[in-house]
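See structure below.
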Amino acid sequence: MRHSIKRGITVASISVVTAITLGACASGGGTSPNASSGDFEPITDISLQLQWLPQAQFAGYYVALDKGYFEEEGFDNVDIIPSGGDIVPQDALVAGDVDFAVAWVPKVLGTLEATGAELTDIAQVYQKSGTLQVSFKDNPVADVSDFEGKRIGSWGFGNEWEIFAAMAADDLDASTVSITTQDFSMNALLDGDVDAAQAMTYNEYAQILETVNPATGELFTPDDFDVVSYEDTDGAMLQDAIWADTARLDDPAYADAAVRFLKAVTKGWLYARDNPEDAASITYDAAINAEAAFPVGPVHQLWQMNEVNKLIWTGDDFGVIDQAAWDKTVKGALVAVNQDGLNLITDEPADSAYSNEYIEKALAELADEDVDVSGDYTPIDVTLTEGGQ
Amino acid sequence: MTKSRAAALWGVVGVLAVLAVWELYKFAGPAEGLTVGAVEGENGSGFLLLPRTNDRAMPHIWDMVARLFQSTSGGSTPPLFVPVITAALTTLGIAAVGLVIGVVVGFVLGLLMQRFRLAEWGLLPWIVVSQTVPLIAFAPLVASIGSQIDRMGTPWPQWLSVAIIASYLSFFPVAVGVLRGLDAPDRIHLDLMRTYAVGYWQTLLRLRLPAAVPHLLPALRLGAASAVVGAVVAEVSIGMRGGIGRMLIQLAGQGSSDPAAPWGPTFGSIALGLVAAGTIALVGIGLKNYRRGEATA
């Protein structure tokens with residue numbers, strides 16, 4: 001018996017050693033050396049990690065895929081990977097699972113400081129914040145100063161920092177405001193578990209307007225609610241941005257891929273700006289077919305497309321990071337203290353945390369190719385229906 | 001025959017009773033629930049003692065059933081029951097793989113522990129401890145090991161991670177059941193084998209395994225249920241697309257404006273559990289010659 005156990009251990013350790021050796025060989029053989037000539041082989045396969053499920057929030061990427069914009073920029077395979085909250089985009093990017101990631105700026109700043117990793121914001125897709133705090137008219141929370149003594153809903157997972165930054169600017173803290181975690185439905189507000197619930201203009205706010213008001217038997221209307229828009233507060237922070245791996249940007253092949261990727265993405269979002277109905281339905285189709293997801297219905301997606309366009313097209317160039325908005329985000333991130341007394345970041349992020357080099361190059365190349373990258377978005381009217389279907 | 005008919009009848013009565021209790025509470029219970037210790041004018045204070053009965057919290061059963069036949073996500077998407085069935089089958093397949101892995105691992109561990117007392121001393125505490133690791137902590141670990149293996153060149157599909165996690169839950173009852181079962185034969189029978197000068201393998205085949213069946217079936221039933229639970233939870237925590245767990249989470253996020261929708265996948269997962277238990281019952285029929293006085297799990 002003794003013998004058999006000993007033998008077993010020997011066999012096990014031999015196989016472990018073999019596995020490690022084989023593994024090392026496999027990973028060693030995987031890298032192809034072609035940087036010797038100074039020239040590079042263009043990257044043709046890339047992956048993009050989204051921060052949520054497929055929906056019109058990410059229409060530009062799905063349009064670029066559907067309309068072949070990625071192929072026009074020399075990509076054979078583009079893998080768009082949704083997340084259901086299970087994958088943290090910046091972590092996936094740091095781990096090398098994906099080539100680019102879409103994530104909110106404050107969340108990434110927190111990760112960068114906590115882990116010491118380096119990522120670069122290469123395009124600021126959303127120029128404005130779309131976060132709201134929604135309350136009923138009969139129990140109004142119309143301003144951040146009204147938070148005092150109220151129960152404020154928040155999703156957590158890094159989506160809450162605008163709330164704390166806005167509160168800090170108003171000299172409020174967790175001792176006077178009760179922060180309650182809410183789920184991704186709007187039931188907390190509807191059931192009176194919170195006084196004001198967190199919502200995105202393009203998603204949860206629409207969801208509540210797709211719900212029947214039991215008092216009237218009709219859908220809720222914007223008149224039923226008071227809304228704090230964080231964009232109008234000191235807590236406003238930059239949201240959906242495209243992030244690249246800072247260290248890899250030194251590799252000319254990756255830097256080149258970044259520019260080509262941004263060109264395709266810009267074209268996708270331009271299409272979504274000029275054809276919101278079509279872009280919303282392309283995204284919806286991609287979600288229900290290719291992604292096997294269960295998005296809220298087509299009307300909801302159109303509403304989302306319309307709202308998202310308002311956040312992207314503010315009259316400035318697409319994707320260019322506005323220094324003032326960046327500084328405001330960093331300032332908010334520095335002063336924000338959450339309900340556990342923790343700061344998001346304690347030091348300014350590294351200079352490498354954002355760069356306009358790639359998006360400006362992409363926009364210039366697009367202009368040379370006679371793509372009109374200027375122009376504004378003209379909002380459309382979307383009438384929501386019950387359940388968004 | 002009459003016995004099984006009576007069992008089926010009681011089963012139907014049980015389901016009807018659950019439905020009746022649901023509707024009765026919905027009819028008679030307080031719409032906003034019963035909260036104790038609430039402070040006047042302070043939203044969300046106090047402790048909710050009785051659940052809410054409004055249509056968002058408790059949709060009518062007929063609304064849930066009707067929802068199954070309405071389009072999943074509006075537009076031209078198929079009725080909800082179609083993706084529910086597809087997703088349930090996906091999860092069932094993964095849970096089955098997980099169960100098979102779990103049964104094999106559990107069986108080998110049980111055999112080892114029964115054969116070598118030292119193995120039992122060494123392994124059993126670890127096997128028990130293994131079940132105290134929270135699944136939501138363990139699942140991402142398996143997923144990330146899987147994706148590393150995948151990147152090293154050996155394909156490792158996401159569902160395999162889910163199956164491994166399911167097997168992690170299901171091997172436990174099997175290992176313990178096999179150990180107890182193989183130890184079940186009476187001393188006198190073992191002595192008989194010895195007087196015949198029968199070796200270990202013969203004893204195992206002719207005496208220990210048949211005697212283990214009454215312990216094994218409840219263990220398998222537990223293992224099957226654990227595999228289903230493990231698969232659903234693992235899908236959610238590693239974000240695998242296509243299964244019933246992910247579907248449940250996604251539809252629950254739309255619960256305010258479409259409260260009946262998340263009940264579709266809920267029914268799907270109930271059906272999953274029934275199918276898993278039913279499969280083990282079939283195994284039990286095949287082994288009915290060995291089922292004398294089944295031990296309780």
Only one of B:Arg180, B:Arg194, B:Arg206 that is part of a helix (DSSP H, G or I), charged (D, E, K, R) and touching a residue at least 24 places away in the same chain (Cβ under 8 Å): B:Arg180
The listed residue being exposed (fewer than 14 other Cβ atoms within 10 Å of the Cβ), of a type outside the set (S, T, N, Q), part of a loop (DSSP other than H, G, I, E, B) and outside the structural domain of B:Pro259 (by TED's automatic domain parsing), out of B:Ala66, B:Ala31: B:Ala31
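Yes or no, residue by residue, for (1) part of a helix (DSSP H, G or I); (2) surrounded by 24 or more Cβ atoms within 10 Å (Cβ to Cβ); (3) at negative phi:
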residue	(1), (2), (3)
A:Ser47	no, no, yes
A:Gly60	yes, yes, yes
A:Glu71	yes, no, yes
A:Val78	no, no, yes
A:Ser83	no, no, yes
A:Ala92	yes, no, yes
A:Asp97	no, no, yes
A:Leu109	yes, yes, yes
Residue tally, condition more than 14 Å from chain B (Cβ to nearest Cβ), polar (S, T, N, Q) and more than 26 Å from A:Ala280 (Cα to Cα), over the range A:202-255: 3
Pairs, first more than 15 Å from B:Ile136 (Cα to Cα) in the range B:147-176, second of a type in the set (Phe, Trp, Tyr) and assigned to a helix (DSSP H, G or I), C-beta under 7 Å, six or more apart: B:Val174/B:Phe107
Count of the range A:323-349 residues which are over 15 Å from A:Gly235 (Cα atoms) and either assigned by TED's automatic domain parsing to the domain that holds A:Glu162 or surrounded by 15 or more Cβ atoms within 10 Å (Cβ to Cβ) (or both): 2
A:Ala142 vs. criteria of a type in the set (Gly, Ala, Ser), within 20 Å of A:Thr201 (Cβ to Cβ) and not assigned by TED's automatic domain parsing to the domain that holds A:Gly85: yes
Test: A:Leu363 is within 14 Å of another protein chain (Cβ to nearest Cβ) and in contact (Cβ under 8 Å) with a residue 24 or more places away in the chain: no
All positions within the range A:269-298 that are at the interface with another protein chain (Cβ under 10 Å from one of its Cβ atoms) and buried (at least 22 other Cβ atoms within 10 Å of the Cβ): A:Tyr284, A:Ala287, A:Ile288, A:Phe294, A:Pro295, A:Val296, A:Gly297, A:Pro298
Every residue from the range A:106-121 that is among the β-branched types (Val, Ile, Thr) and out of contact with any Phe, Trp or Tyr (no Cβ under 7 Å at 6 or more places or on another chain): A:Thr111, A:Thr115
Tally, over the range A:277-295, of residues that are closer than 10 Å to A:Ala56 by Cβ and touching a residue at least 40 places away in the same chain (Cβ under 8 Å): 7
Selection count where residues are more than 12 Å from every other protein chain (Cβ to nearest Cβ), surrounded by fewer than 16 Cβ atoms within 10 Å (Cβ to Cβ) and in a loop (DSSP other than H, G, I, E, B), scope the range B:53-63: 1
Whichever residue in the range A:299-322 is over 24 Å from A:Ala353 (Cβ atoms) and more than 19 Å from the chain's Cα centre (by Cα) and, among such residues, is surrounded by the fewest Cβ atoms within 10 Å (Cβ to Cβ): A:Gly315
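The rows are residues; the columns are (1) within 14 Å of another protein chain (Cβ to nearest Cβ); (2) modelled with pLDDT under 50.
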site	(1), (2)
A:Ser13	no, no
A:Ala35	no, yes
A:Asp45	yes, no
A:Gln49	yes, no
A:Pro54	yes, no
A:Gln57	yes, no
A:Tyr61	no, no
A:Ala64	no, no
Test: A:Trp303 is more than 14 Å from chain B (Cβ to nearest Cβ), part of a helix (DSSP H, G or I) and touching a residue at least 60 places away in the same chain (Cβ under 8 Å): no
Which listed residue is in contact with a Leu (Cβ under 6 Å, 6 or more places away or on another chain), assigned to a helix (DSSP H, G or I) and either without any contact (Cβ under 8 Å) to a residue 12 or more places away in the chain or in the same structural domain as B:Arg241 (by TED's automatic domain parsing) (or both), from B:Leu99, B:Leu111, B:Leu92: B:Leu92
Test: B:Thr203 is surrounded by fewer than 22 Cβ atoms within 10 Å (Cβ to Cβ), among the hydroxyl-bearing types (Ser, Thr, Tyr) and within 18 Å of the chain's Cα centre (by Cα): no
All positions within the range B:258-297 that are modelled with pLDDT under 85 and of a type in the set (S, T, N, Q): B:Asn289, B:Thr296
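The values are calculated or read from the model by the stated rules, or taken from the named source; none is laboratory data. Remember, it's a predicted structure, so these values are computed and weren't measured experimentally. Positions of Cβ are generated from backbone atoms using ideal geometry, with glycine treated the same way; all protein chains shown enter the neighbour counts.
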